[in-house]
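See below for the structure under consideration.
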């Protein structure tokens, strides 16, 4: 049985205070007129202010995506689809054979023609080489200078022709090797482990690329997940790479996941994408720019690709906070001639002035550390003008499973 204690009126006041949020985030204001509208003072437990998730600075919307997304496209020049070995929803390993091509007849004909050209080149090279040897012998035996000059010119031309023939033969060898490699690798394999997300049946049935554009087979990784989200420019300084975030489902539920910001974009997104960045109220700010950021989730059991989720940054100070540290909303502390005090609820449920010792202040959630004077179990009264020493206050208890 989990119990939570709160003041119903206090929650209403909190909602009014939150309405003063800036740029889509949830920020607290110091407007004491809010509680003047209430019939009773706002009472809040210290533990709720120290640990409550209601006081997070901001939250954003995002969508679960795979970390890796492999797309395999049909290449008509390699042939037609002879057989497909996988089906949608199947879990496969890296190197799994996906499908095999049936080579086109013209590719076989092209290979034969290239081999014939190579044979002709070899024959020409052999003939030229024999002729070269004869000319070199004639050059040595020639006595007349004019005769030697003519033989040398013919020999130079022959050597040039030989170099060209060898280059041509080399190019033919490469073309033949490439075609033979393609002919021997008609099978296409996966480059990563994952789940077969889709297989385009139209391609199997013989549809052309114009009739059925897009990937033939798509594979999504089963490792880490990503969340693509956006943040308003006014809140951009509140997140950074390697910062932890809390993730919850849009559809509700008590499950939570922890992710890590792996990238924050340097350029704003286009105006047509601004509506993807949502605060808790489902609103975006058309008067400012949004920047993309990506969250990595390694432990994602219970989340599925395509789920829409809330992404809530966790401040480093809150994440590293020691269990015995007490923090309250800044407006609950009154400074009387530099002596801080709070209105504490005593056992008779009366407001009583309690001097406290304060510590660090935290701008990201508008709280202040209380070093001594109150405990997590204590209740504090919001210090509006109606609160006086001994004033009766009401605490309402709400219990649930």
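General observations
- Filtered residue count, the range 334-345, keeping only those that are touching a residue at least 40 places away in the same chain (Cβ under 8 Å) and out of contact with any helix residue (DSSP H, G or I) (no Cβ under 7 Å at 6 or more places or on another chain): 3
- Meets criteria (closer than 21 Å to residue 120 by Cβ and either surrounded by 15 or more Cβ atoms within 10 Å (Cβ to Cβ) or more than 60 Å from the chain's Cα centre (by Cα) (or both)) for residue 143: no
- Residue check for residue 244: outside the structural domain of residue 136 (by TED's automatic domain parsing) and closer than 23 Å to residue 69 by Cα: no
- Among the conditions (1) farther than 28 Å from residue 90 by Cβ; (2) crowded, with 16+ Cβ neighbours inside 10 Å, residue 113 misses just one, which is (2).
- Among residues that are free of Cβ contacts under 8 Å to residues at least 40 places away in the same chain, assigned by TED's automatic domain parsing to the domain that holds residue 126 and surrounded by fewer than 19 Cβ atoms within 10 Å (Cβ to Cβ), residue 166 is not included.
- Cβ pairs under 6 Å, 6+ apart, first in the range 88-113 and part of a helix (DSSP H, G or I), second at pLDDT below 90: 111/179
- Any chance residue 191 is surrounded by fewer than 16 Cβ atoms within 10 Å (Cβ to Cβ) and either in contact with a helix residue (DSSP H, G or I) (Cβ under 6 Å, 6 or more places away or on another chain) or under 23 Å from residue 92 (Cα atoms) (or both): yes
- Residue within the range 19-41 that is farther than 28 Å from residue 207 by Cα, modelled with pLDDT of 60 or more, in contact with a strand residue (DSSP E or B) (Cβ under 6 Å, 6 or more places away or on another chain) and surrounded by 12 or more Cβ atoms within 10 Å (Cβ to Cβ) present: yes
- Any chance residue 152 is modelled with pLDDT of 85 or more, assigned by TED's automatic domain parsing to the domain that holds residue 116 and surrounded by 12 or more Cβ atoms within 10 Å (Cβ to Cβ): yes
- Condition check for residue 207: under 30 Å from residue 91 (Cβ atoms) and either assigned by TED's automatic domain parsing to the domain that holds residue 112 or without any contact (Cβ under 8 Å) to a residue 40 or more places away in the chain (or both): yes
Rundown of residues vs (1) farther than 30 Å from residue 305 by Cα; (2) loosely packed, with under 12 Cβ neighbours inside 10 Å, yes/no style:
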position: 69; (1), (2): no, no
position: 72; (1), (2): no, no
position: 78; (1), (2): yes, no
position: 89; (1), (2): no, yes
position: 100; (1), (2): no, no
position: 117; (1), (2): yes, no
position: 139; (1), (2): yes, no
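The values are calculated or read from the model by the stated rules, or taken from the named source; none is laboratory data. Predicted model, so just to flag it, every value in this text is computed and none were measured. Glycine gets a Cβ as well: all are built from the backbone with ideal geometry, and neighbour counts include every protein chain shown.
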